[in-house]
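Here's the structure, in structure tokens; my notes come after.
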Amino acid sequence: MNKQAGIKHAVIPAAGLGTRFLPATKAIPKEMLPVVDKPAIQYVVEEAYLAGFTDVLLITGHNKGALVDHFAQAPELEQTLHARGDAERLTALRHLNTLPPLHTVRQESARGLGDAVLSAAEHVGDSPFAVLLGDDLIEPSDLLWQKMLDVHARYGGSVLALMEVSDDDVSKYGIAAISGTDPARVLDLVEKPSKAEAPSNYAIIGRYILSPAIFSVLRHTSAGKGGEVQLTDAIAALARDEQIGGPVHAVVVNVRRFDTGDRLSYLKTVVEFATRREDLGPDFAKWLKGYVRELND
Ligand code: G1P
């Protein structure tokens, strides 16, 4: 249970079709794509536990097998590594088992992020909860959760994390109309607007604290952008009428965020994570510098 705000539940939607990564994601969820030697989802699950959420619910989709297997015990594999004396890999594998057990629920069909979050309603019940989108890796040492939980402890309701993006990028995100700062008050939200429609350059990044009132709003939210039930539309309804589930605030941050959701930013993420690693980093960086010189010639 998170001490600051008493929030226990974290919900991680991992039910998308992963079409941007086909054919790699035909049989495995995109959240299983490795960032160096850990699947993206593991970073997100670890972030949730580090932030103090003790009950993590994965919303899975049509190909959930690999996700569930990844977090399950693997006694045969452990025995093999033990017999080979491979202590390093054994430690990495055992670390997975030190994470509290995950819960899973299956979203019947991929009808959008809002619909995926709605499938958490029964498990979460009537308490505020966190949402972490599996595509976004956020550097835990940037203490984003601490900031968001502080705001929630002060004001209740819902809390978003916003980052300023360029005019060219507003159409990739949910964009907020806000007033004030530290924390900002969210007045309205538009999912993936055009430059002309965008109410600001403040983009929602994939971390949320939501009032449980979001569930009843989601039940009545019709398909929006892209024909999908959008979480952004339901949060906008909360922001426009504080009677429904309390106010919606936002912290405007500049955290290190790695988007593994599209191919180019995925490649950049892998390179950056690899160069930062103590074991691989020095050799990889040396090779990379040489390779970049070759490209420049
Ligand atoms: C989702 C949300 C969007 C948010 C984004 C952050 O979009 O719908 O509001 O800004 O995550 O990564 P997606 O990237 O899943 O299309």
Practice task
Of all residues in region 181-192, count the ones that are in contact with a Ser or Thr (Cβ under 8 Å, 6 or more places away or on another chain) and surrounded by fewer than 17 Cβ atoms within 10 Å (Cβ to Cβ).
Solution key: 1
Practice task
State the number of residues belonging to region 221-254 that are part of a loop (DSSP other than H, G, I, E, B), over 14 Å from Leu113 (Cα atoms) and out of contact with any helix residue (DSSP H, G or I) (no Cβ under 7 Å at 6 or more places or on another chain).
Solution key: 3
Handout entry: Residues located in region 208-234, provided they are within 9 Å of the ligand (Cβ to nearest atom) and among the basic types (Lys, Arg)
Key = Lys225
Handout entry: Set Val251, Val271: member being among the hydrophobic types (A, V, I, L, M, F, W, C) and over 26 Å from Met32 (Cβ atoms)
Key = Val251
Practice task
Spot the failing condition for Glu122; the list is (1) surrounded by fewer than 21 Cβ atoms within 10 Å (Cβ to Cβ); (2) over 24 Å from Leu17 (Cβ atoms), and only one is missed.
Solution key: (2)
Problem - Condition met for Glu88 (of a type in the set (Asp, Glu), assigned to a helix (DSSP H, G or I) and modelled with pLDDT of 90 or more) - result: no
Exercise for the section: Tally the residues that are touching a residue at least 24 places away in the same chain (Cβ under 8 Å) and surrounded by 14 or more Cβ atoms within 10 Å (Cβ to Cβ), restricting the search to region 60-91. Expected result: 8
Practice task
Being modelled with pLDDT of 90 or more and under 12 Å from Leu58 (Cα atoms) is the filter here, so list the residues in region 131-157 that pass it.
Solution key: Val131, Leu132, Leu133
Fill in the blank from the handout: Among residues of region 193-207 being closer than 24 Å to Gln243 by Cα and buried (at least 22 other Cβ atoms within 10 Å of the Cβ), the residue farthest from the ligand (Cβ to nearest atom) is Arg207
Handout entry: Candidate set from region 235-246 (those that are among the aliphatic types (A, V, I, L, M) and in contact (Cβ under 8 Å) with a residue 24 or more places away in the chain); member that is nearest to the ligand (Cβ to nearest atom)
Key = Ile235
Handout entry: Filter result for Val159 (surrounded by 23 or more Cβ atoms within 10 Å (Cβ to Cβ) and outside any loop (DSSP other than H, G, I, E, B))
Key = yes
Fill in the blank from the handout: Exception for Leu57 within (1) more than 17 Å from Gly261 (Cβ to Cβ); (2) surrounded by fewer than 15 Cβ atoms within 10 Å (Cβ to Cβ); (3) of a type in the set (A, V, I, L, M) falls at (2)
Exercise for the section: May I ask you to list pairs of residues, at least six apart or on different chains, whose Cβ atoms are under 9 Å apart, with the first in region 197-213 being among the polar types (S, T, N, Q) and the second being within 12 Å of the ligand (Cβ to nearest atom) and assigned to a loop (DSSP other than H, G, I, E, B)? Expected result: Asn201/Val165
Problem - region 125-141, residues that are touching a Leu at 6+ places or on another chain (Cβ under 9 Å), in a loop (DSSP other than H, G, I, E, B) and away from the ligand (no atom under 15 Å from the Cβ) - result: Pro128
Exercise for the section: Among the residues of region 12-23, write down those that are surrounded by 13 or more Cβ atoms within 10 Å (Cβ to Cβ), modelled with pLDDT of 90 or more and either more than 14 Å from the chain's Cα centre (by Cα) or not aliphatic (A, V, I, L, M) (or both). Expected result: Pro13, Phe21
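The values are calculated or read from the model by the stated rules, or taken from the named source; none is laboratory data. Please read all numbers here as calculations on a predicted model, not as lab measurements. Methodologically, a virtual Cβ is constructed for each residue, glycine included, from the backbone with ideal geometry; neighbour enumeration extends over all protein chains shown.
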